[in-house]
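What follows is a set of notes on a single structure, which appears directly below.
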Ligand SMILES: O=P(O)(O)OC[C@H](O)CO
């Protein structure tokens, strides 16, 4: 009996790593964990706790919550505030937005009129060309940040070019890259995008050593792993930046870090990014919004406010696995940025959960019934 109970405790704790706020959905005074009295047939046939749990998971599971946008709290609800809000809309859309478009266009004109000749004329002088291109990429990113009136506060020492080090950060939107890139020309590892973003990726960003891949292609992942190993060995390569969550999360949570960055035998430099949602939610929900629309949303808001912390570099400890190392770094980032850790793989966004998970759940249910029968 006690071994059955032990097994049950194990399987419950494995399955309920981050228990959804199930209690919120339960009728008051009842709980699926509550010990029941004498066993009757009715108890055995009663699957309502399981159904309740399933319904809770559907309504508000912790996985879905990681990818929910956070619309701002409405504040324009009365006769005094509504005209003020209307005035704000007019200022943001009719004054700020055109000014920002002009700023960004101006940035692109300067950037392209320097980048194209430098790229074409300095073919034989790689060092000088790379140096100028780095400065130009940082500059265009600053124009992007200015186009949303970005108010970014950086804490800690700025990243420097050193071999055998990799920077890892939590991921909320592709603008994370822009926010970090305006300070340091990182070589970033990212998903390949279609459209104008894809064009920038394969032209301009490739010049700073960025590496692109398609996450659904196993072959791409192998190529990227090789490129990463080569990149970190180079002495003059731009610092490598990886978003180990592999997908955008809404800046309230962190999902599991992929272990790749932590198995490169490099120093890992964590970066924590926290957006203040006071004016706009910086989370890019790519399933609902194109990146262009996301940028337009930022450009029509009052400002994008955020803080960036460059945390203390970490090395793998003796006996520590890549996964444990990744978790330790995730702890540091989550703590600094005030994010809640959840045990989900962000790629589940794009795939169905493994059948093993549902089988474990079925086994746990069967074991609970058997345990109750044994109690008799
Ligand atoms: O949120 P996702 O999964 O669409 O990821 C978007 C980008 O690849 C982030 O850089």
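Structure notes:
- In segment 234-261, the residue that is nearest to the ligand (Cβ to nearest atom) out of those that are over 30 Å from residue 305 (Cβ atoms) and surrounded by 13 or more Cβ atoms within 10 Å (Cβ to Cβ) is 260.
- Single residue of segment 291-302 satisfying the filter (closer than 16 Å to residue 70 by Cα and touching a residue at least 60 places away in the same chain (Cβ under 8 Å)) that is nearest to the ligand (Cβ to nearest atom): 294
- Selection from segment 101-119 of residues that are surrounded by 13 or more Cβ atoms within 10 Å (Cβ to Cβ) and farther than 18 Å from residue 138 by Cα: 101
- Checked against (1) more than 13 Å from the ligand (Cβ to nearest atom); (2) surrounded by fewer than 20 Cβ atoms within 10 Å (Cβ to Cβ), residue 264 passes all but condition (2).
- In the condition set (1) assigned to a loop (DSSP other than H, G, I, E, B); (2) surrounded by 21 or more Cβ atoms within 10 Å (Cβ to Cβ); (3) in contact with a helix residue (DSSP H, G or I) (Cβ under 7 Å, 6 or more places away or on another chain), residue 172 is compliant with all but (3).
- Condition met for residue 288 (away from the ligand (no atom under 16 Å from the Cβ) and either in contact (Cβ under 8 Å) with a residue 60 or more places away in the chain or not in a loop (DSSP other than H, G, I, E, B) (or both)): no
- Tally, over segment 142-169, of residues that are touching a helix residue (DSSP H, G or I) at 6+ places or on another chain (Cβ under 8 Å) and part of a loop (DSSP other than H, G, I, E, B): 4
- Residue within segment 338-346 that is within 16 Å of the ligand (Cβ to nearest atom), out of contact with any strand residue (DSSP E or B) (no Cβ under 9 Å at 6 or more places or on another chain) and either under 19 Å from residue 61 (Cα atoms) or modelled with pLDDT of 85 or more (or both) present: yes
- Condition check for residue 316 on (1) surrounded by 15 or more Cβ atoms within 10 Å (Cβ to Cβ); (2) touching a residue at least 60 places away in the same chain (Cβ under 8 Å); (3) touching a helix residue (DSSP H, G or I) at 6+ places or on another chain (Cβ under 6 Å): one failure, at (2).
- Condition broken by residue 332, with the remaining ones in (1) within 16 Å of the ligand (Cβ to nearest atom); (2) touching a residue at least 40 places away in the same chain (Cβ under 8 Å) satisfied: (1)
- Residue within segment 241-261 that is closer than 12 Å to residue 166 by Cβ, assigned to a helix (DSSP H, G or I) and in contact with a strand residue (DSSP E or B) (Cβ under 9 Å, 6 or more places away or on another chain) present: yes
- Lone unmet requirement of (1) touching a strand residue (DSSP E or B) at 6+ places or on another chain (Cβ under 8 Å); (2) away from the ligand (no atom under 16 Å from the Cβ); (3) not in a loop (DSSP other than H, G, I, E, B) for residue 134: (1)
The values are calculated or read from the model by the stated rules, or taken from the named source; none is laboratory data. Bear in mind the structure is a predicted one, so any value in this text is a computation, not a measurement. No Cβ is skipped: glycine too gets one built from the backbone with ideal geometry, and neighbour counts run over all protein chains shown.
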